[in-house]
Structures are given as structure tokens and as C-alpha cells.
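Written below as C-alpha cells is the structure these notes are about.
Coordinate-derived values only; no laboratory data. In this text the structure is predicted, and so the values were computed from the model without any measurement. Backbone-built Cβ (ideal geometry, glycine too); neighbour counts: all protein chains shown.
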Amino acid sequence: MFHAIVFCLCSWRLAGVFGTECLFVMEGDPVTLNIDLTEIQRDEIIMLKFGLKDALIAELKRGENPITLIHVNERFRDRLKLDEKTGSLTITNTRNTDSGLYKVTSMNKETQLNMFNITVYGRLPVPIIIIDCSSSSSSGSSVSKCSLVCSVLNVSDATLSWYKGISVLSSISVSDISLSLPLDCLDDSYSCVLNNTISSQTTHLDIRGLCSTHSDCRCCGFTEAVIRLALSALVGAATVAVLVYEFRSRSLQQKKREQTPSNSD
């Protein structure tokens, strides 16, 4: 499972401050607000606020030696860890509701020190690939039309894509998503990928396994694909040969007409 935290720089026009640090984390993993308070004065109080309403999350204070937490919001109790030397704070057991804007301000100087924007992503499910067949009647006979459907449930801020090798065939980015692919001559080079900013889940196509349970769907594996390719090549070569033969025949007929004396001579 992918557990890395990705950092970036955002541009926020809040309180005239630029350079908000963006942090992306998987739900349940820790995320650290790198707050360097080594230069703060003794007895200075630093506040950590959250959200648009600036709810007070914690207060820090430098005593004679270490930096200490003198207040923690009940919501973050037992989940907020302090580095007593630097003042950095780590939120453990992150939740989706922890996503949002965090501000670090000095109560004494009434100045803003740092800003962080945290996005907590839920863990991605593995995409499911099925064959979906629908029947239609034409001239008294029933015709089945089948397609591959890749789907996931209960996701947000993610992209679902069909790949052939490393090439993207189609993709969609919404919640509760499914994506279809026409069932023609497919092989196991296809895969369905669900991804967000920091993680991904992939399901590789097992076309023979799927087709074994759907007798009304005609799937073709590697051998049939090669045969189709060879037949296409033969048809193409035959077409070229016919065109060349016709061109030569017309050329010969034209030459004969030019060499034959006219009756008037």
C-alpha cells in the first residue's frame, strides 16, 4: 500500500500570506505540520486553528526548556503529538474530517506563522471487471451485445481508467463510477486502474476467465487475434495485387491501341 505523503506549494490569498503548504495523506496514516518554533520567545503562546471558522485546535508555549502543549481540542485529544524541540505537530490516525486549512499564529505578536492545507484520502477499493450482456431481437433472432464493465463503489476524488498496456483508452472522474469497454477482440494487455493523488489500485483483465462463464459472449484470445491480424494482412495484400494487375492491364491495352494503325491510314 502506498503511504507516502506528498508536499506541494499552494497559492492562497488569505490574510495576505502566500505559500501555503499542501499535505496529502491516506486515511489512518499520520501527517506532520512542520512548525519551526525554535525562534519563539519564552512564554510566547502559539495557536493552531482549523477551518474557515478558525476553530482552536491547540495552544503551545515555550517554557524554560521544551515547548509544551497547554491545550488540545477534544477532537484531537490523543491524536496530536508534539516535537518538544521544534514545535512540529503530528496528527495520527487521520480521518476524512481532518481535511482542511490549518493556521499557526502567535497570540503575543498577533502574527500568522504558517499555513497548511491537508487533504485526507480514503483507501481505494480494488476495481471489479465483469461482462455485461444485453439481448436484442432482430428478424426473429436474438442477438447478444456484450461489453466489459469496470466499476467501484463509495469513492470520491478519484479517476477510473481503462488501459491497454500503458496507453489510456478512456477515463472518468466521479463518485460511484463504472466504465464500459466494447467486448471485441480483447486480450490480457488490458487493465482497469483506480487512482487518486497518492495511491492506485489495478485490476488486470483475465479475458479467458471471464469468457468461460459467458457462453453467449464471443471472446478471442491471443491466437484468434493473430489469425485476425494475418487475415487482414492477406486481404490488404490481395487488394493491392488486384489494383496492380488492373493498372498493368489498362497500360497494356493503351499501348496496343497506340501501336495499331488506324483504318484511315
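A Cβ-based charge dipole, computed about the Cα centre of segment 6-121 with Lys and Arg at +1 and Asp and Glu at -1, lands at about 240 debye. Here the convex hull built on the C-alpha positions of segment 6-121 has a volume of 99 cubic angstrom per residue.
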